[in-house]
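Worksheet for the structure shown next.
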2 protein chains.
Amino acid sequence: MNKIIEDLNWRYATKKYDATKKISAEDFNTIKESLRLSPSSFGLQPLKYIVVENKELREELKVHSFNQSQITDASHMIVFCSLIDIKENHIDQYIENIAKTRSQEIEKIVGFGDYMKKEIFPMDKILLANWNSKQAYIALGQVLHTCANLRVDATPMEGFKADKYDEVLGLKEQNLKSILVCAFGYRSSDDLNSSLKKVRKSQDELFVLV
Amino acid sequence: MNKIIEDLNWRYATKKYDATKKISAEDFNTIKESLRLSPSSFGLQPLKYIVVENKELREELKVHSFNQSQITDASHMIVFCSLIDIKENHIDQYIENIAKTRSQEIEKIVGFGDYMKKEIFPMDKILLANWNSKQAYIALGQVLHTCANLRVDATPMEGFKADKYDEVLGLKEQNLKSILVCAFGYRSSDDLNSSLKKVRKSQDELFVLV
């Protein structure tokens with residue numbers, strides 16, 4: 001078995017963390033870089049990541065997460081948020097970032113900005129928010145691979161009350177909504193889930209060749 | 001820079017493929033395993049991957065993909081599909097798979113199946129289809145990391161006419177819809193995009209610490 005398949009088999013949705021073990025600054029930076037480098041539609045990155053360190057806040061969010069212990073016990077916890085609406089300044093800043101990063105004249109790429117505006121502005125607002133939220137799932141998939149490679153445990157979670165999170169973190173006023181939660185850290189030695197065999201469909205069931 | 005960050009900086013959405021270069025069977029198997037091992041909500045894997053090898057079919061799909069050359073020139077091309085509806089047999093088969101994989105008595109896990117049914121069956125059908133589609137984005141994020149690690153180029157694509165794909169591939173009748181397309185292969189030496197600097201927001205813009 002090669003290293004990649006070994007890594008991906010090693011990972012599992014950790015149920016119980018060892019609250020005494022912390023992720024090193026270097027590894028956590030790699031996790032943040034993995035999220036930052038994650039691709040998104042048009043490259044717009046309509047996302048924001050809230051790293052919750054405050055203990056009281058974690059306790060409060062745990063209540064809105066069906067009291068799952070990962071929220072408070074994991075070394076780190078990130079709320080993946082996406083933009084509700086994409087506004088003109090968001091696209092303009094992106095175009096400026098392209099021009100700066102690639103030392104291009106802004107006049108030469110402004111057409112790309114106009115194209116995105118023409119595509120995005122007429123979109124139904126619910127569809128747009130939903131499209132933005134999907135970009136968070138790409139980042140999640142990428143970072144889970146990164147964690148497996150680093151041998152850092154992670155728990156992706158959809159089981160939380162997003163409206164309560166939005167309220168507690170004051171997200172709506174910032175044009176944001178909470179999409180996913182992910183806990184990061186190290187499994188407890190008595191996490192029964194860690195010894196369970198991974199259940200997946202077979203390649204024959206999942207893949208069709210045409 | 002560590003290997004992970006190096007890999008993720010190496011990757012980009014390949015615009016032009018070298019049509020003469022093919023991915024080895026071993027690497028393509030790793031790509032398939034990465035998709036297969038990708039996590040999903042409840043572990044339900046409401047997904048199907050269509051690997052399109054047939055040249056005529058690729059030509060036909062290219063027309064429905066704004067004539068983007070990656071569809072025909074890349075070594076491999078996969079259409080990520082998700083289930084439209086999750087039916088009783090889907091959940092039952094999953095429960096049977098858990099029992100078989102973990103040598104557990106089915107009576108002991110049937111409660112998990114009942115729980116999923118109680119959560120999923122009353123869901124609005126559009127929301128359910130949408131939720132299923134998000135699982136494809138997790139798999140996409142994971143497999144792009146895998147490809148970067150393998151130094152296989154990839155192009156995630158949302159720019160295709162999903163309804164036409166569904167028609168050509170006969171997906172609706174199979175309770176499936178096309179969500180994403182991803183091309184896999186090796187960049188052409190004259191792909192101008194390969195030399196462009198990656199544009200991303202800074203960590204300061206993306207991360208908030210609370």
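Quick look at the numbers
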item: For residue B:12, residues with placed amide H under 5 Å, excluding near neighbours; result: B:154
item: Share antiparallel - DSSP beta bridges, chain A, percent rounded to 5; result: 95 percent
item: Assigned charges on the beta-carbon of Lys, Arg, Asp, Glu; region A:3-206 dipole about Cα centre (debye); result: 440 debye
item: Rounded to 10°, Cα long-axis angle of helix B:88-101 versus longest principal axis of chain B; result: 80 degrees
item: Sorted by Cβ density within 10 Å, fewest first, the residues A:77, A:123, A:116; result: A:123, A:116, A:77
item: Cβ-vector label at 7 Å, residue B:205, separations to other copies in nm; result: 4.3
item: Cα gyration tensor, the protein assembly as shown - rounded (a/c under 1.5), prolate or oblate; result: rounded
item: Two-site label geometry, residue B:67 and residue B:93: point separation in nm, points 7 Å out along Cα→Cβ; result: 4.0 nm
item: Amide H within-cut-off set for residue B:47, under 5 Å, with H built and near neighbours excluded; result: B:83
item: Using θ = phi - 60° and Karplus 6.51 cos²θ - 1.76 cosθ + 1.60, couplings along region A:187-204 (whole Hz; Gly, Pro as x); result: 4, 6, 5, 9, 7, 4, 5, 5, 9, 6, 5, 5, 9, 9, 5, 7, 4, 4
item: Nearest-0.05 FRET efficiency for residue A:51 and residue A:114, computed from C-beta distance (R0 60 Å); result: 0.95
item: Qualifying lysines (Cα of each under 27 Å from Cα of residue A:55; at least 8 residues distant if same chain); result: A:15, A:16, A:21, A:22, A:32, A:161, A:164, A:172, A:177
item: Order of A:12, A:115 under a 10 Å beta carbon neighbour criterion, fewest first; result: A:115, A:12
item: From phi via Karplus (6.51, -1.76, 1.60), per-residue ³J(HN,Hα) for region B:61-69 in Hz, x at Gly/Pro; result: 5, 4, 4, 8, 10, 6, 6, 5, 5
item: Degrees, to the nearest 10: A:106-120 long Cα axis against longest axis of chain A; result: 70 degrees
item: Least to most buried among A:167, A:33 (fewest other Cβ within 10 Å first); result: A:167, A:33
item: Max mean-square fluctuation residue, GNM over chain B, Cα-Cα springs under 10 Å, options B:195, B:178, B:24; result: B:195
item: Teacher prompt: residue B:110 distances to equivalent labels in other copies, 7 Å Cα→Cβ, nm; result: 6.9
item: Folded to 0 to 90 degrees: helix B:125-150 orientation relative to chain B principal axis, Cα; result: 50 degrees
item: Chain B: relative contact order as a whole-number percent, Cα under 8 Å and 6+ apart; result: 36 percent
item: Cut-off under 5 Å, modelled amide H: who pairs with residue B:179 long-range; result: B:80, B:81, B:82
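Just so you know, all these numbers are worked out from the coordinates, no wet-lab data involved. Treat the numbers as computed from the prediction; the structure is a model and nothing was measured. When we count neighbours, we look across all protein chains shown, and the Cβ atoms used for this are built from the backbone with ideal geometry, even at glycine.
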